[in-house]
Amino acid sequence: MTKFSQKNDFWTPKEVFDALSERFGPFEVDLAASDENHLVDTYFTTDENALQQEWDRVAWCNPPYVKQEDKTSLKDWVTKARESVINGDAHRIVMLIPAYTSNGYWHTEIFPYASHLVFFRYRLDFGGPYQRTGGASRQASVAVIWSKVWSGASTQLLTMSNKGEWLSEEVWDRKLLSLQLRNGVNAQGYFIDNDRFVVMAGSTANAEPRPSCNDSTKKMRNQLLEEGAVDQVENKLRFQRDVTFSSPSAAATTVRGMPSNGRALWC
């Protein structure tokens with residue numbers, strides 16, 4: 001590890017790794033490792049800089065948790081994991097990270113894309129040269145799994161003890177998503193193939209576009225009015241039928257009447 005990041009050298013408890021490998025592996029590459037702590041025969045060290053490598057196959061990763069000398073952070077590792085699976089390069093990536101669920105990357109890279117989330121009962125006892133007295137980590141941990149073969153519109157939530165024992169599992173159905181505004185606008189929708197997004201009949205939208213609304217969005221909204229796909233009810237637009245958009249952001253932008261990040265707003 002570099003001098004700046006040496007205290008990132010915390011080793012995953014073997015019983016936890018073994019349980020995750022049995023269910024989601026076998027792992028073919030360890031993306032963030034050293035000669036002393038690698039858990040897979042093929043691995044990247046800090047000198048090889050995994051963020052500059054292609055991530056493929058079935059990969060395991062316990063990344064550095066704090067900002068590095070090159071200014072990269074945990075967000076960069078999470079984003080690369082999501083991109084590698086969604087783009088089809090990697091078959092599956094399992095990443096062990098802190099459960100900082102209020103951080104933005106959870107809402108843009110994990111919640112909309114993860115196939116499985118594994119939460120731990122009790123904090124993990126990381127090993128290695130910087131192991132804490134008493135063992136347990138200061139923060140809760142979660143294993144995030146992105147999987148190319150996961151075809152359901154849901155995330156499977158699992159729990160495991162800090163000793164690698166599976167405790168429970170359930171499915172969080174995220175097929176039906178909503179976008180609610182303070183002025184009473186309430187839209188519902190769901191993903192279909194090729195990342196397209198359907199806004200359902202009965203949903204409402206802002207009647208007046210905001211000053212930041214671009215011409216293409218204004219044109220789309222006017223076209224929907226002309227076709228009768230939406231009509232105006234008092235101070236809102238109401239969808240009269242299901243309408244398919246090219247992306248969740250296009251749908252959110254139409255509903256709000258202003259540029260919008262659909263990945264962050266549909267929930």
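The values are calculated or read from the model by the stated rules, or taken from the named source; none is laboratory data. No experiment lies behind these values; they were computed from the predicted model shown. Methodologically, a virtual Cβ is constructed for each residue, glycine included, from the backbone with ideal geometry; neighbour enumeration extends over all protein chains shown. Please note that ligands, DNA and RNA were not included when accessible areas were found on the heavy atoms of the full protein model with its side chains. Shrake-Rupley method; radii C 1.70, N 1.55, O 1.52, S 1.80 Å.
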- Query: Which of the residues that make up the stretch 98-115 are touching a Cys at 6+ places or on another chain (Cβ under 9 Å) and outside any loop (DSSP other than H, G, I, E, B)?
  - Reply: His107
- Within the stretch 215-241, the residues that are within 16 Å of Pro259 (Cα to Cα) and surrounded by 12 or more Cβ atoms within 10 Å (Cβ to Cβ) are Thr217, Lys218, Met220, Arg221
- Task: Hey, can you tell me all the residues within the stretch 57-93 that are open to solvent by 50 Å² or more (accessible area, probe 1.4 Å) and modelled with pLDDT of 90 or more?
- Result: Arg57, Lys75, Asp76, Glu83, His91
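Please enumerate the residues belonging to the stretch 35-89 that are part of a loop (DSSP other than H, G, I, E, B) and among the acidic types (Asp, Glu).
Just the residues of the stretch 35-89 that are part of a loop (DSSP other than H, G, I, E, B), to begin with: 35-42, 44-49, 53-56, 62-73, 87-89.
Of everything in the stretch 35-89, those that are part of a loop (DSSP other than H, G, I, E, B) and among the acidic types (Asp, Glu) turn out to be Asp35, Glu36, Asp41, Asp47, Glu48, Glu54, Asp56, Glu69, Asp70, Asp89.
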- Task: Provide a single number: the residues in the stretch 94-128 that are modelled with pLDDT under 90 and under 16 Å from Ala32 (Cα atoms).
- Result: 3
- Message: Name the residue that is modelled with the highest pLDDT, counting only residues in the stretch 177-206 that are among the hydrophobic types (A, V, I, L, M, F, W, C) and more than 25 Å from Asn235 (Cα to Cα).
- Response: Phe191
- Does at least one position in the stretch 189-201 carry a residue that is open to solvent by 80 Å² or more (accessible area, probe 1.4 Å) and part of a loop (DSSP other than H, G, I, E, B)? yes
- Task: Identify the residue in the stretch 156-188 that is open to solvent by 60 Å² or more (accessible area, probe 1.4 Å) and closer than 16 Å to Asp242 by Cα and, among all such residues, is farthest from the chain's Cα centre (by Cα).
- Result: Asn186
